[in-house]
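The values are calculated or read from the model by the stated rules, or taken from the named source; none is laboratory data. All figures in this text were calculated on a predicted structure; none of them were measured in a lab. FYI the Cβ positions are ideal-geometry reconstructions off the backbone, even for glycines, and counts take in every protein chain you see. These area figures cover heavy atoms from the full protein model, side chains too; ligands, DNA and RNA do not enter into them. Shrake-Rupley method; radii C 1.70, N 1.55, O 1.52, S 1.80 Å.
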Amino acid sequence: MSRTRTALLAAMALVAGATGTAFAVDPGSAGIAAVPCTVDYKIQNQWSTGFTAAVTVTNNSAAKSSWSLKWSYAGNQKITSGWNAKIGQSGAAVTAANETYNAQLATGGSVSFGFQGSYSGSNAIPATFTLDGVTCNVDGGPGGPTDPPDPGGPGDRVNNPYEGAKVYVNPEWSANAAAEPGGSRIANQPTGVWLDRIAAINGSGGKMGLRAHLDEALRQKGSGELVVQLVIYNLPGRDCAALASNGELGPTEIDRYKTEYIDPIKAILADSKYASLRIVTTVEIDSLPNLVTNTGSRPTAVPQCDVMKANGNYVKGVGYALNKLGDVPNVYNYVDAGHHGWIGWDDNFGASATLFKEAASAEGATVDDVHGFITNTANYSALKENNFTINDNVAGKSVRESKWIDWNRYVDEQSFAQSFRNQLVSAGFPSDIGMLIDTSRNGWGGTARPTGPGATTSVDTYVDGGRYDRRFNAGNWCNQSGAGLGERPKAAPAAGIDAYVWMKPPGESDGASKQIPNDEGKGFDRMCDPTYTGNPRNNNNMSGALPDAPLSGHWFSAQFRQLMQNAYPPLS
């Protein structure tokens, strides 16, 4: 898929009578009088009995305080559900009217909505659309529209969205942080907004939905540039190796992922109201790396991960998300790339880059839909280990032979991210991709932070005495004891790194330390139990998890206070 030519090809398809997209006439085209309204009707996904569609309406006449779009189907299409509009159908006739939050339609303004429908036989595009009784897509002249528009393309994307821009502060997280003793010191830091289930799109449990966050982002933006960070996180069979973050969708529910999750998100992001925002998406953390490290005959294999590798739904889901979200010109997709303590080993490194290329070529996506990658999301790997390097030798042995490094090629996250970026380019991604590193919880400061190298008695005393990362094992990921806030969010901090970010909001739990009944699809993972003695994925070490933790995503006051106490750089 080439984003730069999608609209033009769609318009040509309509002229040829093909199903797929009805594209609006450009009212500014030479020789064509301005049309009162234009409609872009796109069939996004179609299967034997159903389809999803996205509709964008542009008003070229007087501003409206409400609107109603009508069309009729030539076949037996039936709309079964919709979003961002009140949609009704009587026979072949369809009416889509505004919701309360998108009733205003300014002159030159646009509004988008979507729906799912059923059909049999043909699924032809409606021939005529009327907005408040006025026919769209035709001018007042006798011939009607003749030339398809030049759609332009994503050329207005900047190389690094974080440069020269503020980043959105989530008011809900900010309020939780400010309510903690000393929390006001960091309550104004930007964090990611996690869309971790379908209900999160419109808001649930009293929390803000996606539109509410984007509206607040416009308020924060003012006259400058602003980045909004979204975590796209709801794959079928999600987190096959971690029960604490299992999602709501079963392993085979790829169609629900597409039509009930990605499509509605895209429809909102594509609303022209939000075109001035730089929207960064972190696409499906902890998914693709699982297919490399936790499948097959490896001692770390998990049956659920074998299922997801066999059915292909991680690859399909990531590809679909990249394709659809990549169509929105102001969206910047960053794919999750694990962390150095996960895929930094020789047998994981190249295989992961190859798999990411496969996913970025699935479901209509291309590598051009990927702006970059993010590492260490919601993890604890130290940004830089200054007291030793991977090339050091102690007592006649390489540091790679130490129990902590365990033959990994990398000792910290920044060296891994920079090197993995080169590997991704070699695998076929564009040479200008950038990396993000989540530094929200990898500071490892406080009184236990080493001030120099460890004793040279052995490689273990040398590494263990000097390392900042104080986990029992780099495979430990749940509510780690002793962790601290890391580098504050910062644009372009190092070569190849677009930004340090706090994609995981500090103070939000990784998972419950004991079984807690819930309706969020979250299971109990022993890696969140401080008494757990481990498994092959952490070399059978203690979990290192904090006690009395709530469900993943819920506020964990004790952890937040520890993170502030052990912040590095320290909080002032």
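Under the 0.36 nm per residue contour assumption, what length would be gained going from the current alpha-carbon distance of Arg409 and Ala199 to full extension? Please report the intermediate quantities before stating the final value.
Working: separation 210, 0.36 × 210 = 75.60 nm, distance 4.07 nm.
Gain in length upon complete extension: 71.5 nm.
Between Asp464 and Ser431, what length comes free when the chain is fully extended (0.36 nm per residue of separation minus the Cα-Cα distance, one decimal in nm)?
Once the chain is fully extended between Asp464 and Ser431, it gains 8.2 nm.
Restricting to DSSP loop positions (anything but H, G, I, E, B) with no more than 13 other Cβ atoms inside 10 Å of their own Cβ, which trypsin sites (Lys or Arg not before Pro) remain in segment 151-212?
In loop regions of segment 151-212 (DSSP not H, G, I, E or B), the sparsely surrounded trypsin sites (Lys or Arg not before Pro) are Lys207.
Under 12 Å from the 7 Å Cα→Cβ point of Ala395, by amide nitrogen: which residues of segment 443-480?
Once the point is set 7 Å along Cα→Cβ of Ala395, 455-465 turn out to lie under 12 Å by backbone N, inside segment 443-480.
Can you pull a Stokes-Einstein diffusion coefficient for segment 463-572 at 10 °C (1.306 mPa s), Rh from Kirkwood over Cα pairs, as a whole number of µm²/s?
In µm²/s, the coefficient rounds to 105.
Please report, in whole Å³, the volume per residue of the convex hull around the C-alpha atoms of segment 314-440.
So the per-residue hull volume is 110 Å³.
Leaving out ligands, DNA and RNA, what percent of the accessible area of segment 211-326 is carbon and sulfur, probe 1.4 Å?
C and S fraction of accessible area: 53 percent.
At what distance in angstrom do the alpha carbon centres of segment 498-524 and segment 225-304 lie from each other?
So the two Cα centres are separated by 15 Å.
State the percentage of accessible surface on segment 378-522 attributable to carbon and sulfur atoms; use a 1.4 Å probe and exclude ligands, DNA and RNA.
46
If one takes the longest principal axis of the Cα atoms in the chain, at what angle in degrees, from 0 to 90 and to the nearest 10, does the Cα axis of helix 346-359 lie?
10
At q = 0.10 Å⁻¹, work out log10 I(q)/I(0) for the chain with the Debye formula, treating every Cα as an identical point scatterer and leaving solvent out; two decimals please.
Summing over Cα pairs of the chain leads to -0.84.
Pairs Lys266/Lys504; Lys42/Lys258; Lys166/Lys357; Lys207/Lys273; Lys258/Lys316: which exceed 20 Å Cα-Cα?
On the way: Lys266/Lys504 22 Å; Lys42/Lys258 15 Å; Lys166/Lys357 31 Å; Lys207/Lys273 22 Å; Lys258/Lys316 10 Å.
Long pairs (Cα-Cα over 20 Å): Lys266/Lys504; Lys166/Lys357; Lys207/Lys273.
Extending each Cα 7 Å along its Cβ direction at Val158 and Lys86, get the distance between those two points in nm, one decimal.
Between Val158 and Lys86, the label points sit 4.1 nm apart.
What share of Cα pairs, in percent, lie more than 13 angstrom apart in segment 322-382?
The share of Cα pairs beyond 13 Å in segment 322-382 comes to 63 percent.
FRET efficiency for Thr49 and Arg449, Cβ-Cβ distance as r, R0 = 56 Å, nearest 0.05?
Between Thr49 and Arg449 the formula returns 0.40.
Starting from the exponent 0.38 and prefactor 2.2 Å, build the expected Rg for segment 204-253 from its residue count and divide its actual Cα Rg by it. Don't jump to the answer; show the numbers that get you there.
Working: Rg = 15.6 Å, N = 50, 2.2 N^0.38 = 9.7 Å.
Cα Rg divided by the expected 2.2 N^0.38 Å: 1.61.
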